[in-house]
Every structure is written in C-alpha cells, then in structure tokens.
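Read the structure below first, then the notes.
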Amino acid sequence: MILKRISILNYKNLEQVELDFSKKLNCFFGQNGMGKTNLLDAIYFLSFCKSAGNPIDSQNIRHEQDFFVIQGFYEDEDGNAEEIYCGMKRRSKKHFKRNKKEYTRFSDHIGFLPLVMVSPADAELISGGSDERRRFMDVVISQYDKEYLNALIRYNKALQQRNTLLKSDLPVEEELFLIWEEMMAQAGEIVFQKRESFIKEFIPIFQSFYSFISQDKEKVGLSYDSHARENSLLEVLKQSRERDKIMGFSLRGIHKDELNMYLGEFPIKKEGSQGQNKTYLIALKLAQFDFLKRTGQTVPLLLLDDIFDKLDASRVEQIIKLVAGDNFGQIFITDTNREHLDRILYKVGSDYKIFCVDKGAVCESKSEQ
C-alpha cells in the first residue's frame, strides 16, 4: 500500500497541511518541536484509528480549534485508489470512513493499512511495565489476524466484568463469576496460542536484524511467559478467585503475560547501554515490519522517527543500508540531522522527496546532494 497524498487540518500543531508523497522515501527535516513527529502521527492515526502518543482523541485537536480532519489517499498494489477519512469535533464522537463509507467498528479497519512506527517512545518497551510489551505483541498480531483481535476484545470485556464483581461489597454467586471466567478462558486460550506461535516465528527474524545492525557484536533473545502455560486458563482463574477478591482485581490471566528481553543471558533492562537498547528496539520494529510483510496481503508503511540518536556511526551506516534497500516499501523518516538524511537519499537514488518542517508548516525542499 502506498500513501500518495495526505490532507491535515488542525491536528496537534499542524494547522493546514497538503502533501504529495514519493512512493519510496519521504524525509522530514527540522528542529525538535516543529511538528515532524505530529506529521508521522497523523499517518499512524489513519492506520490505527488513534494517535501513537495520546489516546485521548480530543487532546489531539489543535489549540483553540473545534475539530481536526485527516484524509489519506492511498493506492494498492493493483493500482486501486483508497480514501481514508478521520474527523472529530470537540464533545462529539470520532468518525472514520473508507471510501466515504463509515465504519461501525474501528476494529474492522485495523490491518487494512499495516504500518510499523519506530520512535523514541519505544524505549518504554524495555524500561516500562509488561503492559507495554504485551501491547507490542497485540499491535503486530492484530494487523494480520482478525480472530486474535476479536478474542482480545472479548477477553478484556470479560476481565472488566470479573473485576467489577471482585470489587463488590455484596456477596456474588459463583455462577456469576463462572460466566465471565469461562469467557475469559475461551478467549484467552486463543490469545495465548497465537502469541506463542508468533514469538516462536518472530525470534529468528529479530535476531537476524540485530546481528546485521550490530555487526554480530552482541547476541539477543526473547522469551514469552504466560499463566495459560501452567494449567487450563479456567482453572487458573478459579484457583485465584479468593485471593483476587481480597485484592479487588484479577491477578492471573493472559493480561499478565510477559515478553522477556535479553542481551546475552541477562535482561537488557539491566545490562544494555543506550546504544544497545536503541539497536534492540530498532531491530524489534524492523522484524515486526518483515513479519507483517510475510504474513499480510500488502507491504506495510514504515515510519522512522528520529532513530539515529545515541547510535554510533557504524550502526547508523548499517541501518541506512537496510532502509535504502529493496526489502522495504514506502518509508517516512524524520531527523534533525540533515547529513543523515542526505546519506540515505544518496544511497536510495532518485525516488524520494524531502520536506522542511517549521512551526507546524511543511513545505517540499530539495536534496543538498
């Protein structure tokens, strides 16, 4: 899938932006705080029906404005045009349309425009809690497997209901607990099996990317832990119920799954330098791209937001070799360092565009090569 053109009104600090893109490489240059990341976030919004950085939609409306609109004009591999529209007014619900037909469920859109974004916020994958790492698995698998996404939605709804019962000051009959526990178990087993299958296939792809970028300087790994591996999920939930009542929430289940990240034989959270952590995260996301490309119907978009910071020259060079190659489709990349961008452009050749971003205004520029 190729994003040919985007139209943005009042999204974050972007007042009015109309851009035509290259089908290969689009570079955004400018100082920090000018709107480069907001531009990538608007593209992300069109794929996921939400911002990558702020889940409260109304807070993405430009200050002192009453609405935002994002429109993307795409072309698939067969040359068919696709128009995606998102609009929202303050104190109103969000509207999302494909070819002028409104979606009744946002989840129906997920996976239609596969996308991978690499950004400084990814640092939370290593430093943050297990919910960040589960979200990573969810974002990947949901883009190619609708059954997974639907099971995850059912599980979370049942979990919410069970937690409400656990907080109740009044006695609750066991049958009522069982209704939600059985729903959690049925949906959770699907989620568990698909996460386990995904990680098994994903690990060698990830390790290959890390090895290339680091030039075999370190070894890395991943492992997946889940309560669903200990016993049937229904038994796990039933056995935990009395303790859960004391705590007021569900202590066990696939909502507590963990994706362990290793540098050598040790957790990267404790062992990794800034450069190693950054390399690890970039390798994770490039492996995510490669995985989606293998499993999906269309090549994902790749968004690279300020990825070269804290990397030594050799690792920067290896990443440039990767993104300039033929394995990736359309790429959107931001940087404050014009030298990085021009080196990429030189390797890619003629099929690129470069844009200057300044205080929310975006204009097409020319390469300095």
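Take each of the peptides 310-320, 152-162, average the number of other beta-carbon atoms within 10 Å over its residues, and list them starting from the highest.
152-162, 310-320
Under a crude label model (7 Å from the Cα following the beta-carbon direction), how far is Gln297 from Ser7 in nanometres?
Label at Gln297, label at Ser7, 2.6 nm between them.
Of the listed pairs Lys97/Lys278; Lys97/Lys167; Lys23/Lys256; Lys36/Lys321; Lys23/Lys146, which have alpha-carbon separations greater than 32 Å here?
Over 32 Å apart, Cα to Cα: Lys97/Lys278; Lys97/Lys167; Lys23/Lys256.
Per-residue HN-Hα couplings for the stretch 288-305, Karplus 6.51 cos²θ - 1.76 cosθ + 1.60 at θ = phi - 60°, whole Hz, x for Gly and Pro?
Taking θ as phi minus 60°, the curve returns 4, 4, 4, 5, 5, 5, 6, 9, x, 8, 9, 6, x, 6, 10, 10, 10, 9 Hz for the stretch 288-305.
Once amide H atoms are built 1.01 Å from N in the peptide plane, which residues 5 or more positions from Val118, or in another chain, come under 5 Å H to H?
Under 5 Å from the amide H of Val118 lie the amide H atoms of Leu303, Leu304, Asp305, each far enough along the sequence or on another chain.
When the Cα centres of the stretch 180-258 and the stretch 76-104 are compared, how far apart do they sit, in Å?
After rounding, the separation between the Cα centres reads 34 Å.
Tell me which residues come under 5 Å, amide H to amide H, from Gln16 once H is placed; ignore anything under 5 positions away on its chain.
Result for Gln16 returns Asn10.
According to a simple spin-label model (label point 7 Å from Cα along Cα-to-Cβ), what is the distance in nm between Asn54 and Glu242?
4.8
Provide the percentage of antiparallel DSSP beta bridges, counting only those with both residues in the chain; round to the nearest 5. Before the final figure, lay out the partial values.
Values: 42 of 60 bridges.
DSSP beta bridges in the chain are roughly 70 percent antiparallel.
Just add up the charged neighbours of Asp312: K/R +1, D/E -1, any other residue whose Cβ is under 11 Å from the Cβ of Asp312. Working shown, then result.
Working: positive: Lys217, Lys278, Lys310, Arg315; negative: Glu317.
Combined, the nearby Lys, Arg, Asp and Glu give +3.
Can you work out the Karplus-derived ³J(HN,Hα) for every residue in the stretch 195-207? Use 6.51 cos²θ - 1.76 cosθ + 1.60 with θ = phi - 60°, whole Hz, and x for glycine or proline.
Using θ = phi - 60°, the values come out as 5, 5, 5, 4, 4, 4, 7, 6, 3, x, 5, 4, 4 Hz.
Calculate how steeply helix 313-324 sits against the longest principal axis of the alpha-carbon atoms of the chain, using the helix alpha-carbon long axis, and give the answer as 0 to 90 degrees to the nearest 10.
90
Readers should treat all values here as calculations from the given coordinates under stated rules, not as data from a laboratory. The shown structure was predicted, so the numbers you read here are calculated from the model rather than taken from an experiment. Don't worry about glycine lacking a Cβ; one is built from the backbone with ideal geometry, like all the others, and counts go over all protein chains shown.
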